[in-house]
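**Q** Dropping the structure in here first, questions after.
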Amino acid sequence: MTGSFRNIIRIGDTSGPEPFEKKILSIGLRPDGFVFSVLDAENFKYLRLEDYEHSSDDYDDQFLVDLKQFLVDNNLYKAPFKQVHVSLFTPSLLLIPADICLENETENTFRFFAGLQEDHLIRSDKLNNLDAYGIYDFHKEIKNFLDESFDSYRLRHQGNALIESTLAATQLENWDADIVLHLKRSFFEVILLEKGKVSLYQSFEYRTLDDLLYYLFYVLEQFDKNAAYQRLLLIGEISVDCKSYQTLASLFHKVSFPERNDAFQYAGVFDQIPGQYYYNLLNLVTCG
């Protein structure tokens, strides 16, 4: 335990001081916790990964207080990393084609389609592979926390990073998939692919396998797709010996996992976790 955080996975060398100037830090923030990895920028080699679950289920004040204390305790607060990349999950992600959405009009576009909660900010990421903007909102205290914690950082919505890495892998690795399902402990993201292009991105909160199946098959029904003919690619913390995988494998034509991105090297300790684990975080630095 670290404050209100409970460690889920810790791999890599955490014993001594880091030469931060030669390292890249990637952090994935989600409502129920966070994960981070450290990349050796000179050798493009992942050295460390840690995942923590928080007692809350939202980015509340206590979450940010505890996260700041964690960064301080682990010498990550204001550390002089070569780069810092942050992915943030929120349920509010609006995708707008670039040719109908001017960059300086993204805030008005989001307000028109989704509205805006009090004390929330709107941000947009340009998705080059999709030729679109991914627009989302989040509480201003998250930005204040990031500005305070890091001298500079690159922020992207987790869904935007997932879409960009999916399209890059589809083109470069020829993924054999019609559906990409990214599973986390309290939510999942689904991408439908048509001839190498994204036809849908959507996220759902869930608690049980039945919840997951309900929402997933709801999406398929809207697009008139029969699971028995669909190829499903699984990303996230799911393995072949769990009930979720076995159930999905029985319902879909083909279920597979991606290989780790061979543009990177990985310390031997990464063999402790399957290649699909933390796929999105470990590709965050490739998203610009």
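**Q** List, in order, the whole-Hz ³J(HN,Hα) value for each residue of the stretch 154-171 obtained from phi through the Karplus relation with A = 6.51, B = -1.76, C = 1.60 and θ = phi - 60°; use x for Gly and Pro.
**A** Taking θ as phi minus 60°, the curve returns 10, 9, 9, 5, 4, x, 5, 5, 5, 4, 5, 5, 5, 5, 5, 5, 4, 7 Hz for the stretch 154-171.
**Q** By how many nm would the segment from Ser239 to Asp60 grow when fully extended, if each residue of separation counts as 0.36 nm and the alpha-carbon distance is taken off?
**A** 61.4 nm
**Q** Hey, another quick one. Before anything else, pin down the relative contact order of the chain: Cα pairs under 8 Å, at least 6 apart, normalised by residue count, whole percent.
**A** 17
**Q** Return the percentage of antiparallel bridges among DSSP beta bridges fully within the chain, rounded to the nearest 5 %.
**A** Counting DSSP beta bridges with both partners in the chain, the antiparallel share is about 70 percent.
**Q** Shifting gears a bit: Name the long-range amide H neighbours of Tyr206: under 5 Å, sequence gap of 5 or more, or other chain; modelled H, no Pro or chain starts.
**A** Those lying under 5 Å, H to H, from Tyr206 are Phe187, Phe188.
**Q** Cα-Cα over 26 Å: which of Lys195/Lys254; Lys126/Lys243; Lys45/Lys140; Lys45/Lys184?
**A** Result: Lys126/Lys243; Lys45/Lys140 exceed 26 Å.
**Q** Report, by chain and number, residues whose modeled amide H sits under 5 Å from the one on Leu88, excluding near sequence neighbours (fewer than 5 apart, same chain).
**A** Placed amide hydrogens put Leu29, Arg156, His157, Gln158 under 5 Å from Leu88.
**Q** Please enumerate, by chain and number, the lysines with C-alpha under 17 Å from the C-alpha of Lys78, excluding those fewer than 8 residues away in the same chain.
**A** Lys22, Lys23, Lys68, Lys143
**Q** If contacts are Cα pairs under 8 angstrom and at least 6 residues apart, what is the relative contact order of the stretch 2-111 in percent?
**A** In percent, rounded to a whole number, it is 31.
**Q** Hey, what do the phi angles of the stretch 185-199 turn into as Karplus ³J(HN,Hα) couplings, whole Hz, using 6.51/-1.76/1.60 and θ = phi - 60°, x for Gly and Pro?
**A** 5, 10, 8, 9, 10, 10, 10, 9, 10, 10, 6, x, 10, 7, 9
**Q** Figure the gain on full extension for Phe113 and Leu251 (residue separation times 0.36 nm, minus the Cα-Cα span) and round it to one decimal in nm.
**A** 46.2 nm
**Q** While we're looking at this one, here's another question. If you stretched the chain out fully between Lys22 and Glu105, how much longer would it get, using 0.36 nm times the residue separation minus the C-alpha to C-alpha distance?
**A** Length gained between Lys22 and Glu105: 26.1 nm.
**Q** Determine, from the Cβ-Cβ distance of Phe44 and Ser186 and an R0 of 45 Å, the FRET efficiency 1/(1 + (r/R0)^6), rounded to the nearest 0.05.
**A** The pair Phe44/Ser186 has a calculated efficiency of 0.90.
**Q** What stretch of the chain, leaving out the sites themselves, is the longest with no trypsin sites (Lys or Arg not before Pro) in a DSSP loop having at most 16 other Cβ atoms within 10 Å?
**A** Between exposed loop sites, the widest span is 83-184.
**Q** Let me have the 222 nm mean residue ellipticity of the chain computed from DSSP H runs of 4+ only, each contributing -39500 (n - 2.57), with the sum over all residues rounded to the nearest 500.
**A** Helix-only estimate at 222 nm: -7500 deg cm²/dmol.
Every number in this text was worked out from the coordinates using simple rules, so none of it is lab data. The structure presented is a predicted model; accordingly, all values stated were derived computationally and were not measured. Here the Cβ is made from the backbone with ideal geometry for all residues, glycine too, and neighbour counts use every protein chain on show.
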